[in-house]
């Protein structure tokens, strides 16, 4: 087992608990005129330059950081963003990242699209993650059971129309990610978005 080092852990400014850097949402401050409140922006990929703070992707942690003044102290400036605005912005960022990961998997030919292709990927043990539209029907339960037997995760995300748009189709109900790295990150961002939605 690998122990976390100080470089890989951060403290959530909302609840003051430590967590792995990858498990926290990073927020960065947009430049503002001297004395003006700063606007915080979610840095989903943790690549934006500048000073940032880490917080759990939970509404209660965002709200705690706002009401306690933790954001104000961290940036030495008033903060214009409310907890609800930050939660909405972060959810949107996580959704965009999920869409980007699915498109990247498609380009890399690491995606099985549609019921038959997904069934084949599961049978051949190539599926790393099953992704199902929230309004999908049909053979959904059968495929969910099959992926669970392989010890792989199943995510319910977006709608048939929303998934279809990513592939220039009217609708799409189900797909399977075949790359473990993409699957793990997709699982992480979709779960973070869902947790923010449940909390808000």
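All of the numbers you see were taken from the coordinates with simple rules; none came from a lab. Because the structure is a prediction, the values reported are computed rather than measured. All Cβ positions, even for glycine, are placed from backbone atoms using ideal geometry, and neighbour counts span all protein chains on display.
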Explain nothing, just the number: relative contact order of the chain, from Cα pairs under 8 Å at least 6 residues apart, as a whole percent. 20
Expressed as a whole number of Å, what is the distance separating the alpha-carbon centroids of segment 59-93 and segment 98-120? 35
Give me the angle, in degrees from 0 to 90, between the Cα long axis of helix 140-149 and the longest principal axis of the Cα atoms of the chain, rounded to the nearest 10. 80
Which whole-number percent gives the relative contact order of segment 94-199, counting Cα pairs below 8 Å spaced six or more residues apart? 38
Scaled radius of gyration (Cα, divided by 2.2 N^0.38 Å) that segment 82-130 gives: 1.57
Hey, can you rank 52-60, 8-16 by average C-beta count inside 10 Å, highest first? 52-60, 8-16
How big is the shadow of the Cα convex hull of segment 111-165, averaged over all directions, in nm²? 3.4
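Most exposed first by the Cβ proxy, i.e. fewest other Cβ within 10 Å, how do 51, 126 rank?
Listing 51, 126 from fewest to most nearby Cβ atoms yields 51, 126.
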Can you give me the relative contact order of segment 9-91 as a percent, contacts being Cα pairs under 8 Å and 6 or more apart? 33
Expected sort for 166, 24, 131, 62 with the fewest Cβ neighbours (10 Å cutoff) up front is 166, 24, 131, 62
Quick check on the exposure proxy: order 154, 61 from fewest to most C-beta atoms within 10 angstrom. 154, 61
Quick one: divide the alpha-carbon radius of gyration of the chain by 2.2 N^0.38 Å and tell me what you get. 1.15
Packing-based ranking, highest mean first, of 35-43, 104-112 given that Cβ atoms within 10 Å are counted: 35-43, 104-112
Cα convex hull of segment 133-200: how many Å³ per residue? 104
Relative counts (whole %) of C-alpha pair distances in segment 1-83, using bins that are 5 Å wide: 3, 16, 26, 25, 17, 8, 3, 1, 0, 0
